Every structure is written in C-alpha cells, then in structure tokens.
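Since every read-out is calculated from the coordinates, none of them should be taken as a lab result. Model, not experiment: these values are computed from the prediction.
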Amino acid sequence: MKNVGSLLIVFALYSQGLLAATTKLSAEESGNDGNSQSGDVVVPRNTKWLAEVDLTQVPKTPVRPVGSGTCEDAKCDGSDNDKCFESCGNKALPSDIYGCPNSQEWALTFDDGPSNFTGQLLDSLDQLNIKATFCVLGSNVKKYPEFVKRAYEAGHHIASHTYSHPHLMSLTNDEIIYEMKATEEAIRDVIGIRPTYVRPPFGEADDRVKALMKSMGYKILLWNVDPTDYDVYSLPNAAAKIQGAFKAAANGVDTGLNSHDEPGYISLQHDLYKSSIDQVPDVIDFLTKKGYAFKTAAECIGDANPHAPVIPEGRLKAQSNAEEEVKPVDANPPKEQPASLPPSPPAQEEKKESDNGKKNEPKTADLPSPTSAASITHPSAYVAFFVFALLSLLS
Ligand SMILES: [Zn+2]
C-alpha cells in the first residue's frame, strides 16, 4: 500500500488489521463497519481493576495515536513494519492465532455484536448444528444480553472484542484494562464466565497491547479469511462478494492474511450486517461440501476450555471491601434448549453505560436464574440455606 494519497485510503488504512511482518495489508476488519463505538460509548471504570493486573511483563513502549503508523512509502518488508503499523500491520507473534492448525477445519467468527441480527444468525447456526465464535463488544452485551446468553448456552464460544471498539494502541495501559475488565463484567453478569480470547479491534495490537492482554489471561485471536463484509455489505452484489471470499480460500487462493500458514481457516464476519449474516447458510453448505468441519476458534486450536470461571472476588489481591462473591462455574456451557427470545430491540445509539469512576457492583437483578449452570450465587444465599437447614434439624 504505497499510494496512500487520498483521505479515503488513509481512512481505510486506519481500519487495517494484523498481518505478517513481511506481508502488506489487504482488506481487513474496518473501522468503517457501522460502529463508532469508541466515540459514543462511556466505558465503565473501576480503579480496583487496575490493581488486578500485573504489568511487570508489559513493555513500556509509548502509546501510539491513531494515524501515527501510516506511511505513504511503507516497504512493509520487515524493516519498517513497526513504524508503519497502520500501513503494514503489526508484527505477528507465534502465539497469535490466525487460522486453524488442521486442514479441513474452519472456524466462523463474528465480531462487533451482539446486534439485532444476532438472533437470525443463531437461528441459522442452530438449524445446521454449527458452533461459532462470537467476539462481542461489552457495550453491546449490555444492550443484547439475551443473545449472549443464548449463544453461550447453545455451545458457542464467547470472546472479548473490548467494550467500545477503540484503537487499543492509542490507549494507555489503564484505559485498556478498563476496556477489558468492563467487558468481562458485562459478560460475567450475563453468563457467569470470563472470556479468555480477545480479538483486538481493527486487528491492531503491538507488543505492549499483546503483553497486557496476556497478563490479563487472554489469547490474541485474529483471522486468515476476510470477506470484508464491512466494505461490501450494502452493495447489490454483497452476497456474491462475501461468498466469493470463502470460496476462494476454500479453493486454495492465498488470502494474504495467513501469517502462520495454517491449513485451516478462521474467517471474520460481523453480525452487524444482515447481508453478511444472510450468507451464512450458503457458506456453511459450500464449505461442508468441500469437506470442512466447523469448530469454534478455541476448538480448532485444541482448547477445551475457551471460557474461564470467574475468579471469586475474595481471591483478588485488590479487594478492599465486600463485593459480590461470584461462584465459579463450569467453563463448558451446558447444552440447554435456547430460551424463547424476546423481540429484538431496535438498534440505537449508545447513550451511556455507567458512571465513570464509580464502583461497578454486579447487578443481581440482571443475573440469570439460579437454575442455570451459568448462574451467580450470592454467598448470603448459602448462609440462609445453612441456617434454615440447621433450624430444621433442631426443630
Ligand atoms: Zn470489530
């Protein structure tokens, strides 16, 4: 990408994702994806979260403002990739996940949701008994908790995509921690687990961001197939373009995104776009006929525990006062029948999520029913039960 002349191209470059150090950018996840989350969303902040993260392994490299990594004459040959990260993509680390390591395996992943199209997507996946990975935004988890619960209980993989979809490299360590912990809290309040995979928005993450994510217990999940639904979703031929990207990869065409040369694929779509979700049944049909088996991103790399039990608050070193204690849960979601869904709420602009600086107590009113394996139980319930049992015995 040497001809970065127009504003349009500069904007496109801002949206680029992560590529190998020796490859130039092609189409990737975009900021032009219909969400201006980072500008509209207030990210909950709880200073207690900062003390929970060990920063000793995080490089003290400077914050990189958006636009500071664009080079008009980027070589992208490894010599200037770091400086020109927005033109060339960040350096791929061995631990970064791009594709499935086994051939004939495919992980469908969906970013930026949930949205009011996620129900349709879950219907399609249910009908075909396919499990996928959902990289959710914490802000949208709060807007559409029923879809997160349904996806989790159906056996899908829930990963973090941050709270407000920022350019992470432009944030301080503290701001990144708030993004991740606020998302963890939103997910925990709905399904009682902590995600262990993160897809950095725009695929942007340098060594500092990756080390920080690792210290918080996250694996970096990227992709090696990108149908660029964010670019083509409104085109008359969106269906052909989106399906074409899947077919090309399945037919062995180099996607230009496979930094680790894995023979299996992890594809990137967004459950923000109906025209992208509409292609899922046909894509699954085509890839199935090509011999691909569908797995979640975690499954395809052999990870049997894609979600972590929530750490009880009492174990946190930063605990200073009484918090809701969260009962650890089985990281494997139960295969329950999905609950019937309420009507999808209309898409609406984010107004506010919570008050900055205030403690963010878990909202017990929002918690799932105690019969769910993903439920969170207040310790006082145990005390009440114990007292009741004791009185029963004595009477
Ligand atoms: Zn995204």
Please work out the C-alpha center-to-center distance from region 205-230 to region 112-150 and express it in whole Å.
-> 20 Å
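What does the C-alpha gyration tensor say about the overall shape of region 87-133? Classify as rounded when a/c is under 1.5, otherwise prolate if a/b is larger than b/c, or oblate.
Working: a/c = 3.97, a/b = 1.59, b/c = 2.50.
Oblate.
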Filter the cross-link list Lys131/Lys219; Lys131/Lys247; Lys149/Lys181; Lys149/Lys274; Lys91/Lys274; Lys214/Lys274 down to pairs whose alpha-carbon distance in this structure exceeds 23 Å.
-> Lys91/Lys274; Lys214/Lys274
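With the Cα gyration tensor of region 153-196 giving a ≥ b ≥ c as the square roots of its eigenvalues, does the rule (a/c under 1.5 for rounded; else a/b larger than b/c for prolate; else oblate) give rounded, prolate or oblate?
Details: a/c = 3.20, a/b = 2.11, b/c = 1.52.
Judged from the Cα gyration tensor, region 153-196 comes out prolate (a/c at least 1.5, a/b above b/c).
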Applying the Karplus parametrisation 6.51 cos²θ - 1.76 cosθ + 1.60 with θ = phi - 60° to the phi angles of region 73-79, what ³J(HN,Hα) value in whole Hz is obtained for each residue in order, glycine and proline being reported as x?
-> 10, 4, 7, 6, 10, x, 7
Under the Karplus relation with 6.51, -1.76 and 1.60 and θ = phi - 60°, whole-Hz ³J(HN,Hα) for region 57-62, x at Gly and Pro, equal 9, 8, x, 8, 7, x
